[in-house]
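The values are calculated or read from the model by the stated rules, or taken from the named source; none is laboratory data. Just so it is clear, the structure is predicted and the values come from calculations on it, not from any experiment. Backbone-built Cβ (ideal geometry, glycine too); neighbour counts: all protein chains shown. To get the accessible areas, we keep the full protein, side chains included, count just its heavy atoms, and leave off ligands, DNA and RNA. Shrake-Rupley method; radii C 1.70, N 1.55, O 1.52, S 1.80 Å.
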Amino acid sequence: MATIKVMQNGPYLVQGDDVTAVDWNGATYAIPKRPFALCRCGGSTTKPFCDGTHISKWLQSGRSSGPGQPRQPATKP
């Protein structure tokens, strides 16, 4: 079973051995390690995988989106 965890101020953490990452053309990405993290900020140089760029990007706010919460854009520090 696969689990995708939305990390506060961070990426999507994907856990499970039965996961395949596929792009819009159907090409499969090689997954370098497990668990792996998918970029959520859009700034990673290793997309779709997270490279830690979010640390200095928009995800550094005290706000978060989650079940039952409206999506709120992060504010610049």
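Points worth noting:
- Residues (touching a strand residue (DSSP E or B) at 6+ places or on another chain (Cβ under 9 Å) and either open to solvent by 100 Å² or more (accessible area, probe 1.4 Å) or closer than 19 Å to Thr53 by Cβ (or both)) located in region 2-29: Ile4, Lys5, Val6, Met7, Gly10, Pro11, Tyr12, Leu13, Val14, Ala21, Tyr29
- Selection within region 30-54: residues that are surrounded by fewer than 17 Cβ atoms within 10 Å (Cβ to Cβ) and of a type in the set (A, V, I, L, M). The member of this set that is nearest to Met7 (Cα to Cα) is Leu38.
- Residues within region 3-27 that are at pLDDT 95 or above and touching a Ser or Thr at 6+ places or on another chain (Cβ under 6 Å), tallied: 2
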